[in-house]
Structure formats: structure tokens, C-alpha cells
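Visitor: Handing you a structure now.
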Amino acid sequence: MTIRVLIADDQVMIRDGLAALLSSDPEIEVIGQAGNGREAVDMARALDPDVVVMDIRMPEMDGLAATAELIGAPAGSDGGDPADVRPKVLVLTTFDLDEYVYEALGAGASGFLLKDASAADLVTGVRVVAAGDALLAPSITRRLIGDFARRRRHQRPSPTATAGLTPREMDVLRLIARGLSNAEIAAELVLAEQTIKTHVGHVLTKLALRDRTQAVVFAYENGLVG
């Protein structure tokens, strides 16, 4: 299945370069380019991309505000069913600053890559977030997890937050938070990968989480991993 991608960046050369890199993959189609956050929101609603590759610093509306607006409203230009699938957002920036990571995750982004990532990393990033998985640059992941761990020293786990999960679903959530894929979780728990997919779906549904990125943040915020 072709992954439809919208690119949002205020620099034409960067947009064109990203489009060329992504279009080299036969399963990725670049369906549009936006020069600012407002344009990105409007084009996303009109074109229904699967993934928006979003810069942070842009005129009129920055990428964080655009991400929040996109994720907070149904995709599609017809104002259809609120259950419509929203686009996944992969934030791509030169700014390796923690506050941007937290704001991007809070706004609903599914992934965060630095612009010095390789072409292969970019293509993989688009594929990963399109599939509903979480993606963070390795250096960012280490700092993010470290910060959550430090915060946990002054927090207690919230038992009510996960009251609806079964023990097995709790196991799966903890392993998601450790960054394991479905195949790796299946190996860890000695279960079929399809069974793990079912458990992941139940976890996301019961906790009202959009994707695995939100599941990772939820797990750390509620002291489920350290």
C-alpha cells in the first residue's frame, strides 16, 4: 500500500530535497508541499495524507501548533465522521532541544527526527509512523527516558490509570515503553505476534491512546517503567 506524504517546511530547497528522497521509495508518494504551518493544516485536510513530515520553525503557524490542530481534528475536507483517521506527524528539525520533543509529543506527533538523519532513516521514519509505531531519534530517546526517570523519583505510579488493563496487557505496555517491536514483545512473552498485535490494540483502546508514542509517554508518566 502506498504511503501518501505531505511535506511542510518553509525552505523550498529542503522541501524539494525531502520530496526527492522520499519519492525514491516506490511505496511512498509525496502528494504535496507546504511552506508554513497554516498551509500544512489546510493541505492536509484537503489531501488526506497518511503522514505529514513537519518542520517546527515556520512562519504564520509553527509546526507544533499545526500538529496540535491536525491531530485535534478529523482528517478530510468534508468535515466527516470524527472517527476518521488523522494523519501521523513526523517532526523533522535541526533543533535538538528537549522542550521541542516534549511539545511535539504533547501536540500529538508520532515521531521526531533531526535533519542530520540519513535518507534511509527518513524513509524508515515515514514507514514507522505510518504503521502506527513510535519513532524518536536515538539521542533524543536516551535523554527523554532519562528525564522521565528523574521525574519518577518524586512521583508514585497511578493505579487507577491502568485499572482496566489485564496483567498481560500491562506486560505488553511495559515492553512497548522499552521500545520493543511487536515481534520482540512476542519473543519476550513467548506468544504469537498476532496475539501481541491484539493486546497492543486493546491497550491503546482502553487507555484512549492514539498510537505507541502516546503509550510510551503514558507508561513513563505513570511510573510503569524506569
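Visitor: In the range 9-31, what residues are under 16 Å from MET61 (Cβ atoms) and in contact with a Leu (Cβ under 9 Å, 6 or more places away or on another chain)?
Guide: Scanning the range 9-31 gives a single hit, ASP9.
Visitor: Sticking with this one: Considering only the range 28-37, state which residues are under 22 Å from ALA119 (Cα atoms) and either free of Cβ contacts under 8 Å to residues at least 60 places away in the same chain or more than 20 Å from the chain's Cα centre (by Cα) (or both).
Guide: Answer for the range 28-37, where residues must be under 22 Å from ALA119 (Cα atoms) and either free of Cβ contacts under 8 Å to residues at least 60 places away in the same chain or more than 20 Å from the chain's Cα centre (by Cα) (or both): GLU29, VAL30, ILE31, GLY32, GLN33, ALA34, GLY35.
Visitor: Further, regarding this structure: Quick one: ARG210 ticks every box in (1) assigned to a helix (DSSP H, G or I); (2) within 23 Å of SER110 (Cα to Cα) bar one, so which box is it?
Guide: (1)
Visitor: For the range 11-37, how many residues are open to solvent by 70 Å² or more (accessible area, probe 1.4 Å), within 23 Å of ASP211 (Cβ to Cβ) and assigned to a helix (DSSP H, G or I)?
Guide: Final tally of qualifying residues: 0.
Visitor: Next question, about the same structure. Only one residue in LEU224, LEU180, LEU191 is of a type outside the set (Gly, Ala, Ser), outside any helix (DSSP H, G or I) and more than 26 Å from ALA107 (Cβ to Cβ), so which one is that?
Guide: LEU191
Visitor: Next up: Identify, by number, the condition in (1) within 18 Å of the chain's Cα centre (by Cα); (2) hydrophobic (A, V, I, L, M, F, W, C); (3) in a loop (DSSP other than H, G, I, E, B) that LEU204 doesn't meet.
Guide: So LEU204 meets the others, but not (3).
Visitor: Have a look at ALA75, ALA65, ALA40 and point out the one that is under 20 Å from the mean Cα position of the chain (by Cα), outside any strand (DSSP E or B) and modelled with pLDDT of 95 or more.
Guide: Result of the check over ALA75, ALA65, ALA40: ALA40.
Visitor: Any residue in the range 198-215 that is at pLDDT below 90, surrounded by 15 or more Cβ atoms within 10 Å (Cβ to Cβ) and more than 30 Å from LEU6 (Cα to Cα)?
Guide: No, because not a single residue in the range 198-215 is at pLDDT below 90, surrounded by 15 or more Cβ atoms within 10 Å (Cβ to Cβ) and more than 30 Å from LEU6 (Cα to Cα).
Visitor: Taking the range 179-225 as the region of interest, how many residues are among the hydrophobic types (A, V, I, L, M, F, W, C) and touching a residue at least 40 places away in the same chain (Cβ under 8 Å)?
Guide: Count: 8.
The values are calculated or read from the model by the stated rules, or taken from the named source; none is laboratory data. Here the structure is a predicted model, which is why all the values come from computation and not from measurement. So basically every Cβ, Gly included, is an ideal-geometry build from the backbone, and we count neighbours across all protein chains shown. These accessible areas exclude ligands, DNA and RNA; they are computed on the full protein's heavy atoms, side chains included. Shrake-Rupley method; radii C 1.70, N 1.55, O 1.52, S 1.80 Å.
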